[in-house]
Amino acid sequence: MSSYLDFVQKSMDVSAYERKVIADNVANYNTPGYKATEVKFENFFNDEMMNVKATNDKHIQLDSTSEAVYQEKNTKEREDGNNVDLNKEMTEMIKNNYRFNNAVTAFNKEMGMMRTALGK
């Protein structure tokens, strides 16, 4: 498969994983002491997959050492120690759905171009 399709597939996989993380957060809204987990979408992609090369000292370096999945620690907790914010989770779900749908559209367009090139 092309590196473009590899990237699109990885985007869809990460979006599916992020959907599960958000659903877990929402499901644990009433669980005392539960700490929300967040996915850093961009940290699932390594420099090699993104075809990133720093050719100048002034280029911005991607932070490949930070975690892709982490617990929210700097958010306000309720009295029961839970820090899940339903408004934030719903907003993240909408953004994640948008990313996933864009990846599906990109995949379908690429497949359409391949079919056209093959004369099918």
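The values are calculated or read from the model by the stated rules, or taken from the named source; none is laboratory data. All of these numbers come straight from a predicted model, not from anything done at the bench. Note that each Cβ is placed from the backbone with ideal geometry, even for glycine, and that neighbours are counted across all protein chains shown. Accessible surface is based on the protein model in full, side chains and every heavy atom, while ligands, DNA and RNA are left aside. Shrake-Rupley method; radii C 1.70, N 1.55, O 1.52, S 1.80 Å.
Things to note:
- Residue match in region 25-42 (condition: within 25 Å of residue 2 (Cβ to Cβ), in contact with a Lys or Arg (Cβ under 8 Å, 6 or more places away or on another chain) and either open to solvent by 50 Å² or more (accessible area, probe 1.4 Å) or modelled with pLDDT under 95 (or both)): yes
- Index of the failed condition, residue 89 passing every other in (1) in contact with a helix residue (DSSP H, G or I) (Cβ under 7 Å, 6 or more places away or on another chain); (2) exposed (fewer than 15 other Cβ atoms within 10 Å of the Cβ); (3) not hydroxyl-bearing (Ser, Thr, Tyr): (2)
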